[in-house]
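Values quoted throughout were computed directly from the atomic coordinates according to the rules given, and no laboratory measurement underlies them. What you see is a predicted model, and the numbers here were worked out from it, not measured in a lab. Note that we place each Cβ from the backbone using ideal geometry, even for glycine, and neighbour counts take in every protein chain shown.
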Amino acid sequence: MGMIVQLMTLLFGGGKNAVRETAEVFTKNAEAQAVRDAALSDAALQQFAKEFARANSGGFDRFMNAINRVPRPAMALGTLILFAAAMIDPIWFAERMQGIALVPEPLWWLLGAVVSFYFGARHQTKGQEFQRSMAASMARAGQVVDNLAALRALEEGGEAEEVEVADNPALTELARR
């Protein structure tokens, strides 16, 4: 019997978890892989949150943002005012439209390009702001999950219980690292 124990110790090593450690040479430990995957996912979310975090803007930036908000309402109100002017004083309106009819076609193309680029750039900016806000909300997702677990525990048992790391050997080992 002693010979078998010595042979097993030679093959698998000594200690409490010798077989497990030997088996991990040939296959991945699923629990350790899940911990690594979770750490990788958390690190990626934190990196995205930092990348898309909103920077504090200075006075000039705030002024330019205010100026950039003027064209859309001005165009919408201008169109409504033109309709009102056509109903209030049709002769005055017809005189102005005759003046617009004299604008050369290349100038209309230029106006169309300016308006298209303005709204295209605005669409791009708003899309990037949306992505930044999504990255920030994803960074808070872990806290939300913890809060939901605590609320469910309160609902079921009356008091939220904390998980003890000492009960789980894998978590104890992770905490030591």
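Taking other C-beta atoms within 10 Å as the exposure proxy, 138, 97 rank 97, 138 from fewest upward.
Normalising by residue count, the range 56-102 has a Cα convex hull of 93 Å³ per residue.
Sorting 102, 107 by the number of Cβ atoms found within 10 Å of their own Cβ, with the fewest placed first, yields 102, 107. Rounded to the nearest Hz, the phi-derived 3J(HN,Hα) couplings of the range 101-112 under the Karplus curve 6.51 cos²θ - 1.76 cosθ + 1.60 (θ = phi - 60°) are 5, 7, 5, x, 4, x, 5, 5, 4, 5, 4, x, where x marks glycine and proline. The fewest-to-most ranking of 177, 69 by surrounding Cβ atoms within 10 Å reads 177, 69. Spin-label model, residue 92/residue 146: points 7 Å from Cα along the beta carbon direction are separated by 6.5 nm. If the chain linking residue 79 and residue 101 were pulled fully straight, counting 0.36 nm for each residue of separation and taking away their Cα-Cα distance, it would gain 6.2 nm.
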